[in-house]
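Here's the structure, in structure tokens; my notes come after.
The values are calculated or read from the model by the stated rules, or taken from the named source; none is laboratory data. What you see is a predicted model, and the numbers here were worked out from it, not measured in a lab. Here the Cβ positions follow ideal geometry from the backbone for every residue, glycine too, while neighbour counts run over all protein chains shown. Note: accessible area is taken over every heavy atom of the protein model, side chains too, but ligands, DNA and RNA are not part of it. Shrake-Rupley method; radii C 1.70, N 1.55, O 1.52, S 1.80 Å.
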Amino acid sequence: MPVIETRQLTKTFGRIRAVDGVSLAVNQGDIYGFVGKNGAGKSTLMKMVCGLTTPTAGEVRLFDGPPCGGNPRIGVLIEEAGLLPNLSAMENVMAKSLVIGLPDAKKRCEDVLAAVGLDPASRLATKRFSLGMRRRLGIALALVGSPDALVLDEPFNGLDPEGTRAMRQLLMHLNEASGVTVFISSHVIDQLDRMATRYGIIAEGRLTAEMTAEDVQEACAESLRVRTDDLTRTTALLQDRLPGVRMRVDADGAIVMPGLTDSAPVASVLRDAGLLVYEMSVQRRDVEDYFVSLMEGGRHA
Ligand SMILES: Nc1ncnc2c1ncn2[C@@H]1O[C@H](COP(=O)(O)OP(=O)(O)OP(=O)(O)O)[C@@H](O)[C@H]1O
């Protein structure tokens, strides 16, 4: 079941089409990594999902129904809305838990602050917080109501590598242990790698690709790359002689066989057929390079 669904969602600011006809579905149990360069439209889409801004066109559906204001089943971190600057971290989460009517609020607030690495006993006003501390508190506020789903816009911004790792682990634990669905944006693919179960790529307001973590693994797996003087014959021959081997053809006419690293059987087929081999190499595509190419607006190869 889709927890979050957008249908042809569009937002324009004057002539800028910040989000341009995006239809995506975040399913129950997904950690959906929403990836795009600065200004690609991630925050604008997430704000529409959370009802913080109205769509110019299209529709948002939450839990298979129309969105209702401030849905308590969804915890949100978008920019820094909601921090009370003169209050401490504990007072901030307590304020939110009173608004949503949490039972046993004090214990829940202490637990959630500890989980994000903030001291519940600290009296420091949030206006004195570093960017990383504000991010942690924002995540605590998103979590305090034990939501079924989280919408997190660039949650790792301002966190150091150790803080990023701890936060990733926390989110993965919530997903695995409690089935919390996570819709998370980032322009740094490294932050989502080995965490996201699915990805959506946004470039200039458009969803240019959607894929599973397995798709990414396959696209970036070690592959044998072969280029000969006759692509059609080579493809037919390899399909015939090496059944079960997956193949794709790259833009330069090379046949790429993901997962195959032993060149001997391929070399022998090509030699017997008298084909001229221009190139035969084992290559591995860098995950970051792959995403950068998709973020530029390229299609999912
Ligand atoms: N309130 C606004 N008024 C005018 N233009 C806006 C407004 N909000 C966003 N935009 C424009 O819409 C486009 C998408 O912006 P958005 O903030 O959604 O991108 P983003 O992918 O979240 O970027 P970042 O990673 O930098 O946060 C950008 O061109 C931005 O300048």
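For this structure, a couple of remarks:
- Theoretical FRET efficiency, 1/(1+(r/R0)^6), r = Cβ-Cβ of Asp240 and Lys127, R0 41 Å, to 0.05: 0.05
- Shown here for the stretch 159-260: trypsin sites (Lys or Arg not before Pro) in loop regions (DSSP other than H, G, I, E, B) with at most 16 other Cβ atoms within 10 Å, namely Arg194, Arg246.
- Net length gained if the chain between Glu288 and Asp104 were fully extended (0.36 nm per residue, minus Cα distance): 61.9 nm
- Accessible surface of the chain, 1.4 Å probe, proportion on carbon and sulfur as whole %: 50 percent
- The figure for Val245 is an accessible area of roughly 40 square angstrom, using a 1.4 Å probe on the protein chains alone.
- In a simple Cβ point-charge model (Lys, Arg +1; Asp, Glu -1; nothing else charged), the chain has a dipole of about 940 debye relative to its Cα centre.
- Within the chain, helix-based [θ] at 222 nm, where runs of 4 or more DSSP H residues each add -39,500 (n - 2.57), nearest 500: -10000 deg cm²/dmol
- Computed extension length for Ala264-Tyr278: 3.5 nm, one decimal, from 0.36 nm per residue of separation with the Cα-Cα distance subtracted.
- With the simple model of a label 7 Å out from the Cα in the direction of the Cβ, Ala57 to Thr212 spans 3.3 nm.
- Counted residue by residue at 0.36 nm each, then reduced by the alpha carbon distance between them, the extension gain from Asn27 to Gln169 reaches 49.1 nm.
- With the simple spin-label model, which puts each label point 7 Å out from Cα in the Cβ direction, the Asp230 to Asp119 separation comes to 7.6 nm.
- Accessible surface, per residue, of the chain when the full set of protein chains is kept, probe 1.4 Å, Å²: 49 Å²
- Here the calculated FRET efficiency for Asp111 and Arg194, from their Cβ-Cβ distance with R0 = 30 Å, stands at 0.70, rounded to the nearest 0.05.
- Per-pair calculated FRET efficiency, R0 = 30 Å: Leu83 and Ile16 via Cβ, rounded to 0.05: 0.60
- In the chain, lysine pairs closer than 19 Å at Cα, eight or more apart or cross-chain: 7
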